[in-house]
Amino acid sequence: MDAETPISPSAFMRELRPEYYSDTQDRKSYELEAAVFDHFLNSLTSRNEHHDFEIFCRKLCERTIAPNLRPATGPEGGGDGKADTETTPVAEEISDMWYVGEPNAGKEKWGFAFSAKADWAPKVKSDVKGLIETGRPYDRIICVTSQYAKSKDRLDLEQKLSTEYGVPIIIHDRAWIIDEIIAKDKVDIAFNYLRVGREIDNPQQLGPVDYSRTRQLDELEASLKDPANYTGMERQMVVEALLAAKLSRGLAKHRTAPKRTGGSHERSGSPTSTAVSAKSWRPATNSSGRPSGGSTTSNSSTTATTSSRTWRSPATTLWTSSSRRTSCRTCSTPC
């Protein structure tokens with residue numbers, strides 16, 4: 001920010017105490033129906049989108065299998081290297097921090113082959129043979145096809161090739177692709193690399209902090225609705241009411257529902273409510289004009305008076321809305 005530009009108090013506090021503010025913001029989301037995606041994959045070859053499919057598969061494998069994949073270069077996917085992509089060595093200090101992918105992807109050499117051909121089985125055999133003949137010491141070979149493969153045929157071919165070449169062979173078909181993209185919410189990959197689906201604005205999507213606040217607030221509000229929950233624990237009710245008010249403020253509900261946030265503070269007896277603000281409340285005085293209840297520096301026993309309510313701090317009793325002291329809400333006896 002320019003040094004000459006005055007900073008607002010709100011912006012200053014957001015920089016100083018971001019944990020007090022809402023982390024809800026507008027985010028992008030993506031929509032794609034499984035049937036639409038199924039047809040799209042089935043018609044890849046007719047649109048001559050083999051190269052786009054290979055990039056898509058690499059990005060999908062980076063998200064689900066191994067993040068340390070390097071792209072192959074050449075006029076066709078894989079070029080002369082036979083592999084469409086393969087893993088690169090990564091230090092254990094880095095791979096131990098991964099939370100996606102499969103174990104050992106950082107220190108083993110894995111080869112990948114992607115294909116959109118309708119006759120998938122011969123293509124898989126050809127790809128595996130080509131990778132083995134390169135002489136590179138692959139610890140695992142993973143093939144991804146855009147076609148459906150019957151489970152029996154796929155498992156039989158995996159076992160046959162693994163036995164023949166002495167390297168574990170894994171085949172993923174269209175069912176696996178659709179499950180990863182649709183069921184496991186990776187539609188952004190299909191949208192960005194295959195240009196299928198649509199991007200939509202998701203306004204005011206809860207952030208992780210606000211999600212936790214919302215859960216806490218809902219639990220507190222449900223508990224506060226039943227006074228029987230606080231029989232003999234009236235101070236606990238005040239504490240939880242104040243916590244609910246602070247959660248409401250942290251969720252920025254004072255902007256979307258000001259009456260709810262203000263009412264929450266009033267319910268807890270907090271002087272930060274809209275009705276009893278820092279500008280409007282003052283210590284209660286007696287007939288002589290002096291602050292009642294002792295010194296003006298008292299904290300827990302301070303009583304504030306406005307034109308329509310008497311306030312005491314949440315550490316003491318929660319008072320009813322009145323211009324004078326009356327019975328408190330919890331014990332119904334003069335205090």
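The values are calculated or read from the model by the stated rules, or taken from the named source; none is laboratory data. All figures in this text were calculated on a predicted structure; none of them were measured in a lab. Cβ: placed from backbone, ideal geometry, glycine included. Neighbour counts: every protein chain shown.
Within the stretch 208-235, the set of residues being among the polar types (S, T, N, Q), over 24 Å from the mean Cα position of the chain (by Cα) and either surrounded by 13 or more Cβ atoms within 10 Å (Cβ to Cβ) or at pLDDT below 85 (or both) comprises S223, N229.
If you go through the stretch 76-93 and keep only what is modelled with pLDDT of 90 or more and either polar (S, T, N, Q) or not in a loop (DSSP other than H, G, I, E, B) (or both), you end up with T85, E86, T87. Restricting the stretch 47-62 to residues that are in contact (Cβ under 8 Å) with a residue 40 or more places away in the chain and either acidic (D, E) or in contact with a Gly (Cβ under 6 Å, 6 or more places away or on another chain) (or both), the residue that is nearest to G106 (Cα to Cα) is E54.
Can you pull out every residue in the stretch 159-177 that is of a type in the set (K, R) and under 39 Å from the mean Cα position of the chain (by Cα)?
Listed by number, the list holds a single entry, R174.
Just checking, does the stretch 149-169 include any residue being in contact with a Lys or Arg (Cβ under 6 Å, 6 or more places away or on another chain) and either aromatic (F, W, Y) or crowded, with 16+ Cβ neighbours inside 10 Å (or both)? No - not one qualifying residue is present in the stretch 149-169. Considering each residue of the stretch 54-75 in turn, at least one proves to be among the aromatic types (F, W, Y), crowded, with 21+ Cβ neighbours inside 10 Å and modelled with pLDDT of 95 or more. Restricting attention to the stretch 148-157, does a residue exist that is within 20 Å of E33 (Cα to Cα) and either modelled with pLDDT of 95 or more or of a type in the set (G, A, S) (or both)? Taking every residue of the stretch 148-157 in turn, at least one turns out to be within 20 Å of E33 (Cα to Cα) and either modelled with pLDDT of 95 or more or of a type in the set (G, A, S) (or both).
Scanning the stretch 119-133 turns up no residue that is surrounded by 11 or more Cβ atoms within 10 Å (Cβ to Cβ), part of a loop (DSSP other than H, G, I, E, B) and either at pLDDT 95 or above or on the phi < 0 side of the Ramachandran plot (or both).
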